[in-house]
1. List the helices (runs of 4 or more DSSP H) inside segment B:93-162, counting only whole elements, that have at least 1 residues being under 19 Å from the mean Cα position of the chain (by Cα).
2. Can you tell me how many residues within segment A:220-257 are over 30 Å from A:A16 (Cβ atoms), of a type in the set (A, V, I, L, M) and assigned to a loop (DSSP other than H, G, I, E, B)?
3. Of the conditions (1) farther than 15 Å from B:A106 by Cα; (2) within 14 Å of another protein chain (Cβ to nearest Cβ); (3) out of contact with any strand residue (DSSP E or B) (no Cβ under 7 Å at 6 or more places or on another chain), A:T103 satisfies every one except a single condition; which number is it?
4. What residue, of A:S147, A:S58, is surrounded by fewer than 23 Cβ atoms within 10 Å (Cβ to Cβ) and more than 14 Å from chain B (Cβ to nearest Cβ)?
5. Quick one: B:L152 ticks every box in (1) in contact (Cβ under 8 Å) with a residue 12 or more places away in the chain; (2) farther than 17 Å from B:I238 by Cβ except a single one, so which number is it?
6. Among the numbered criteria (1) part of a loop (DSSP other than H, G, I, E, B); (2) surrounded by 19 or more Cβ atoms within 10 Å (Cβ to Cβ), which single criterion is violated by A:G211?
7. Give segment B:185-203 a look and list any residue that's part of a helix (DSSP H, G or I) and modelled with pLDDT under 75, or say none.
8. Among what's in segment B:235-247 and is crowded, with 17+ Cβ neighbours inside 10 Å and closer than 16 Å to B:Y145 by Cα, pick the residue that is farthest from the chain's Cα centre (by Cα).
Amino acid sequence: MSVLLRGGEGFPGTVAVASVSKRFGHILALDDLSLDIHEGEAFALLGPNGAGKSTLISIIATIQQPDSGSVAVGGHDVMRSPMKARKMLGIVFQEPSLDTRLTVQENLDFHGRIHGVPRRQRLRRIEQLLELVELSEVRHKIVRGLSGGMKRRAEIARALVHDAKILILDEPTVGLDAQSREKIWSYLDRVRGERGLTLIVTTHYIDEVDGCDRVCIVDGGKVLALDSPDALRSKYAQDTIRARPEDIATEQAIFAAFPQARLRRNGEIAISVASPEAGPVMDRLRGFGRGVRYLSLERPSLESAFLNLTGRELRGEQAAALGRGRE
Amino acid sequence: MTQASIWLGALHAIWLREVQRSLRDRGQLIGGVSRPLLWVLILGIGFNPYFRAEVFGQVRFAVPFTYLQFIFPAVIVLNIMYTAVQSAVSLIWDREFGFLREVMVAPVPRWIVLLGKVLGGATVALGHGCLVLILAQFAGVQLRYANLATGLAYMFLLAFALTCVGIFLANRIRSFEGFGIFSNTVILPLYFTSSSVFPLDPSLTGAQTRVVYPEWLVILVQYNPLTYVVDHFRGVFIGFNQFNPWAGPIVIVIVAAVFFAISLIEFRQG
């Protein structure tokens, strides 16, 4: 009940997930998961394949229903009033969902019509959105002939034809080249600024997550961590110091001094340390003088925070998919 | 905008999409044009001379129409049936290519989505039925305002009912290949056993019919609901009924209601 009060009518851009569980056969996809998404923030969901991200997204999007718990979108319970919840949402699915036999314009127009956007407003908005995602020139082309990046951009534009307050993007940049990915993020930033949208994103690309306000790391259907990218880094990741010993004697001396040190294939020694200890460790290594050819300090990445939390590489998609066979 | 006008707009959008898509589907258009040409012009004209009152000099049939006239209403039914069932393929297509999700997350009730789809498919099927009507004068069928209006109304009803059947089938067969096979194993057998290409002699009694034709065939024809539909269209277009003229409309309405209801229940469950 408290969830519904918090996400009342006055907060159209919020999502409140309270104790949601969802089971598929004997697999528990979501395990008593709770989280709150605030109005106007960019919220990233990060997790290995099979973590429960897509299930959570489907429940928020009113496609699936939770076995227990409740979800409120813009203050509307997704089970009791899915129609009202849907009005708040713009969704870009993981799999392409354009009608490839219609033109770009027709796809967007269809979306506007079924969302009840009045004609004049619909046409104006389609015009603006196509301009934003740089598809004005291909608007009358049949979708089938467009590139993957163009289709994705068209889908993003489509999700915004109606007055969505929350934009959900499930892996919006997967399979796209770096340039297209960058473009998509620049459009998203612009729209967010103009409309004050709440953004919910799942992605495999950790550098994209860095631009978000908060990151939620999920695995096994549970929230493992939820914080800003910087906070996650300092809390869960370690610095890596790399040193190149000049001779065997120095190498052995370093291993003796730092039991956690590992030898890399290229002859470097890597030492993982918590951030505050990085300085002293560096100083001690400098003490070896000429015995160490070079020294470097790597600040932690979100990826390593993720690895530490889940014990899995984010991009080990194939292996993870084989092991879990879901999503 | 009121709720009702939003829903009406959504209904229109879904209907419009179905129509736009099938206008661009060359294969469907080619089938819709070539089928009546084959059945009416080739088969109809080819068999026309053999269809008459004498067999081995013995008078058996006394029928007041030609074979072309006889087969014409059945070809209308055939063309509507093919197109209606085929347009339900778009449901499989939507599911396969993810478009269904786009519709499912729209703030529109499921029954509107389904109704829009069925109305769209029915409109296209009605159009293909009308392609057959163009050949009316070659078949020697007189179209007057009265029978044309009644005919079109029933053609639309039939198209609606058969699109519901198509969606029912599409829910069971979730791949293109499976659906192609199914439509051929359902459509053609139903068509051939609906007294469409050969007549059950109107002048014979039930017992006599069983002498002329093998009993199993007579039973198949009599149990085939399409028989009564074809018979009804014959009544409308050439003024000839073998059965009660109301049997056809009753069959159409029941089929439409039952299959729409089943499809809606299944659609709601996702």
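1. Details: elements: B:99-104, B:110-133, B:136-139.
Because the criterion is at least 1 residues that are under 19 Å from the mean Cα position of the chain (by Cα), the helices (runs of 4 or more DSSP H) in segment B:93-162 that meet it are B:110-133, B:136-139.
2. From segment A:220-257, those over 30 Å from A:A16 (Cβ atoms) are A:238-257; that's our starting set.
Next, only the ones that are of a type in the set (A, V, I, L, M) stay: A:241, A:243, A:248-249, A:253-254, A:256-257.
From the residues that got through so far, the ones that are assigned to a loop (DSSP other than H, G, I, E, B) too are none.
Residues meeting the conditions: 0.
3. Of everything listed in (1) farther than 15 Å from B:A106 by Cα; (2) within 14 Å of another protein chain (Cβ to nearest Cβ); (3) out of contact with any strand residue (DSSP E or B) (no Cβ under 7 Å at 6 or more places or on another chain), A:T103 misses just condition (3).
4. Working: A:S58 fails: more than 14 Å from chain B (Cβ to nearest Cβ).
Exactly one residue qualifies, and that residue is A:S147.
5. Of everything listed in (1) in contact (Cβ under 8 Å) with a residue 12 or more places away in the chain; (2) farther than 17 Å from B:I238 by Cβ, B:L152 misses just condition (2).
6. Single failed check for A:G211: (2).
7. To start, the set of residues in segment B:185-203 that are part of a helix (DSSP H, G or I) comprises B:185-192.
Answer for segment B:185-203, where residues must be part of a helix (DSSP H, G or I) and modelled with pLDDT under 75: there is none.
8. Of everything passing the filter in segment B:235-247, B:I238 is farthest from the chain's Cα centre (by Cα).
The values are calculated or read from the model by the stated rules, or taken from the named source; none is laboratory data. On a predicted model such as this, the values are computed, not experimentally measured, just so you know. Note that each Cβ is placed from the backbone with ideal geometry, even for glycine, and that neighbours are counted across all protein chains shown.
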